[in-house]
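The values are calculated or read from the model by the stated rules, or taken from the named source; none is laboratory data. This is a predicted model, so every value here is computed, not measured. Cβ: placed from backbone, ideal geometry, glycine included. Neighbour counts: every protein chain shown. Just so you know, the surface numbers come from the protein's heavy atoms only, side chains and all, with ligands and any DNA or RNA stripped out. Shrake-Rupley method; radii C 1.70, N 1.55, O 1.52, S 1.80 Å.
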Amino acid sequence: MSLESYSKEEWEGLCEQCGLCCFEKFEDEDGRILFTSTPCRYLDVVTRRCKIYKKRFKVCKECMQLTPELVKDLKWLHRECGYKKAMSNEQ
Ligand code: SF4
Ligand code: SF4
């Protein structure tokens, strides 16, 4: 199944709500992505849920909507992210 063929609900359902993408990260000089232990200020670190989910793009300028096109290009999404796993299963 190609990433583009998911319905909006199916696409949202791919997220396993691990919350890892909501932690600050940086790229070192060798191009490696390193995650820090600093969460976005809007992440509930216990439930791993966004506290402002419905208005996150309005409130948080760093927050980005993960689309099939973007997921294919983003190298900082970790391997266990539901979107990355769906991408690797893409046929
Ligand atoms: S890393 Fe992937 S699976 Fe985890 S919360 Fe972010 S989008 Fe969802
Ligand atoms: S605003 Fe965006 S980056 Fe921050 S916790 Fe919510 S979903 Fe994650």
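With respect to Glu4, determine if the residue is in contact with a helix residue (DSSP H, G or I) (Cβ under 9 Å, 6 or more places away or on another chain) and within 11 Å of ligand 1 (Cβ to nearest atom). So Glu4 does not fit the description; no. Of all residues in region 39-84, exactly one satisfies the criterion of being touching a strand residue (DSSP E or B) at 6+ places or on another chain (Cβ under 6 Å), open to solvent by 60 Å² or more (accessible area, probe 1.4 Å) and not hydrophobic (A, V, I, L, M, F, W, C), namely Lys51. Whenever a residue of region 46-59 is farther than 20 Å from Gly13 by Cβ and among the small types (Gly, Ala, Ser), it has no partner that is at pLDDT 95 or above and not in a loop (DSSP other than H, G, I, E, B) lying with C-beta atoms less than 6 angstrom away and at least six residues away or across chains.
If you scan region 56-86, which residues turn out to be charged (D, E, K, R), more than 9 Å from ligand 2 (Cβ to nearest atom) and in a helix (DSSP H, G or I)? Spell out how you get there, then give the answer.
Residues of region 56-86 charged (D, E, K, R): 56, 58, 61-62, 69, 72-73, 75, 79-80, 84-85.
From the residues that got through so far, the ones that are more than 9 Å from ligand 2 (Cβ to nearest atom) too are 58, 61, 69, 72-73, 75, 79-80, 84-85.
Residues satisfying the conditions are Lys58, Glu69, Lys72, Asp73, Lys84, Lys85.
Scanning region 10-38 for residues that are loosely packed, with under 12 Cβ neighbours inside 10 Å and either under 12 Å from the mean Cα position of the chain (by Cα) or within 10 Å of ligand 2 (Cβ to nearest atom) (or both) yields Glu12, Gln17.
The set of residues in region 31-53 that are charged (D, E, K, R) and at pLDDT 95 or above comprises Arg41, Asp44, Arg48, Arg49, Lys51.
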